[in-house]
1. So, in segment A:239-264, of the ones that are farther than 23 Å from A:ASP197 by Cα and touching a strand residue (DSSP E or B) at 6+ places or on another chain (Cβ under 8 Å), which residue ends up nearest to the other protein chains (Cβ to nearest Cβ)?
2. With the requirement that a residue be in contact (Cβ under 8 Å) with a residue 24 or more places away in the chain, within 20 Å of the chain's Cα centre (by Cα) and more than 8 Å from chain A (Cβ to nearest Cβ), what does segment B:209-245 give you?
3. Hey, could you check segment B:161-177 for residues that are more than 20 Å from B:ILE93 (Cβ to Cβ) and surrounded by fewer than 19 Cβ atoms within 10 Å (Cβ to Cβ) and say which is farthest from the chain's Cα centre (by Cα)?
4. Report, ordered by the first and then the second residue, all pairs with beta carbons closer than 8 Å, sequence separation of six or more or different chains, a first member in segment A:29-48 that is not assigned by TED's automatic domain parsing to the domain that holds A:LEU214, and a second member that is buried (at least 19 other Cβ atoms within 10 Å of the Cβ) and assigned to a helix (DSSP H, G or I).
5. Pull up segment A:265-304, narrow it to residues that are among the polar types (S, T, N, Q), in contact (Cβ under 8 Å) with a residue 12 or more places away in the chain and more than 14 Å from every other protein chain (Cβ to nearest Cβ), then point me to the one that is most open to solvent (accessible area, probe 1.4 Å).
6. With the requirement that a residue be open to solvent by less than 30 Å² (accessible area, probe 1.4 Å), within 13 Å of chain B (Cβ to nearest Cβ) and modelled with pLDDT under 95, what does segment A:148-165 give you?
7. Which one of the conditions (1) open to solvent by 70 Å² or more (accessible area, probe 1.4 Å); (2) part of a strand (DSSP E or B) does B:PHE32 fail to meet, given that it meets all the rest?
8. Got a number for residues in segment A:1-51 being of a type in the set (Gly, Ala, Ser), part of a loop (DSSP other than H, G, I, E, B) and surrounded by fewer than 19 Cβ atoms within 10 Å (Cβ to Cβ)?
Amino acid sequence: MKAVSANSIKKIFNVEKSTVTALQGLSFDVEQGELFGVIGPDGAGKTTLFRILTTLMLAQEGSAQVDGFDVVKDFKEIRKRIGYMPGRFSLYQDLTVEENLSFFATLFNTSISANYDLVKDIYEHIEPFKYRRAGALSGGMKQKLALCCALIHRPTVLFLDEPTTGVDAVSRQEFWELLKNLQKQGITILVSTPYMDEASLCNRVALLQEGKLLDIDSPEGIIKKFKKPLWAIRSTKMFRLLQDLKKMDNVESCFPFGQEHHVTFKEVLNISSLEKELTALGHRDLKMNQIQATIEDSFMELMK
Amino acid sequence: MNVIEVENLSKHFGKFKAVDDISFNVSRGEIFGFLGANGAGKTTAMRMLCGLSLPTLGEARVAGFDLYKDAEQIKRNIGYMSQRFSLYDDLSIRENIRFYGGIYGLTNKQIKAKTESMLHHLNLEEEANKMVKSLPLGWKQKLAFSVSLLHDPQIVFLDEPTGGVDPITRREFWTMIYEASDKGTTVFVTTHYMDEAEYCSRVSIMVDGKIDALGTPLELKEKFDSPNMGDVFLKLARKAKRGDN
């Protein structure tokens, strides 16, 4: 049995007089125990997809099963089994940390002590503040409390909608370490994120753009499908270099990637002639290396 | 020429030193990356520089105006854009431009001319009368950036302008930042994308209310013996004692 199975899910929203197709017939499976990433920018359909799978919204077409249960017929059964952390903080701001956790445990007919082992690592970070009202917590602590509340009934499948959006690089890294530990305890995790660099931390990822799946594969698998030779080029004047490269006939695509530009060419590259050409344009300290694509390179290639 | 001069600036909330004695200058046309972990004090510092909150201690001049005496003048001479607040969803593109033009005291004639040139530049002429909420996020952010430059401010403050934006649009957005800086506009920008830190002329990294590092990306990478800015950031921000966790 798959942990999640989606078949041709389609969702259309009516916005005033026009319609917006949020999901254009998505099909995919998530294996049990997998850490599965749904990667895409805002507006790709990540939240809509999670709402349908967590039985909070109905699709117009298609079907889906979570833990073997149908999202429409068996929604009550699914709600008992899954954990869901929405993108927006949705705990009770005027209850304390401990009260929130105890409230969610009670809702699911369990207690904090019964499942404490599962949340212990995360709860320890916020336990010093257990008498503080949730509304008065900092962003990072709110996020950890929300994760505890989503886990306290020991769900089989955990849905995390953009848990790291707006979170700094250090806290993001910590959060992913928490997820890896949860995965070891046998929980299937679906996590959505707009950060392409987080893809490499998942077993498999679905790349989502405007309601369409661009690809589903392991991060390595996606990168392998990037067939064109990719070059990283830098010089002392990076913005000028970008403009100059974009003007060249043989350049197919050129995007800034941090300290270098990633470039693909229409025809086989003659490095020395390119170097000469760029030097003639006044570029100094040129460095050109052929590199392996990243998930972000692949995403942009697939967006075209 | 410096357009931002900050000397020993602090902001205390009771005993808590949100911003703790920071000093730096930003020169005209620079792209200044203002980085820090959540809770490091970036937002508090930025609010002071925009004339929205008074410092507890220290001095600062923004666009040539004193933070204590001329906060109103500062507001007139800066632009501001963030991911959370930018444009009015239920006004059309044209109405948003007209609204902000009015706020900044542009004449009708100026607003008209600016509207046409902006719509043309962004290739949004066909969409001009559509509600902003119907635009894809990336377009909205590009429009919001242009609107923040409507009154030709000396400095534009961008608070996580590219959060959640698709990777191609994110790069187009940075091209617009470069263009603004080429024209002499100073850009003060925060981001959680570490590749974007590499695009800045200089970067400061705040830790626990203080500026722990300041320099060009190249200088910082050499100083901290790091292959990229992401690594520099992690090395510094991991030391943070306070903040968000």
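1. Top of the filtered list is A:LYS246.
2. Correct list: B:GLY209, B:LYS210, B:ILE211, B:ASP212, B:LEU214.
3. The qualifying residue farthest from the chain's Cα centre (by Cα) is B:ILE168.
4. Partner pairs satisfying both residue conditions: none exist.
5. A:GLN292
6. Across segment A:148-165, the qualifying residue is only A:THR164.
7. (1)
8. 1
The values are calculated or read from the model by the stated rules, or taken from the named source; none is laboratory data. Keep in mind that what you see is a predicted model, and the values were worked out from it rather than measured. Cβ: placed from backbone, ideal geometry, glycine included. Neighbour counts: every protein chain shown. To get the accessible areas, we keep the full protein, side chains included, count just its heavy atoms, and leave off ligands, DNA and RNA. Shrake-Rupley method; radii C 1.70, N 1.55, O 1.52, S 1.80 Å.
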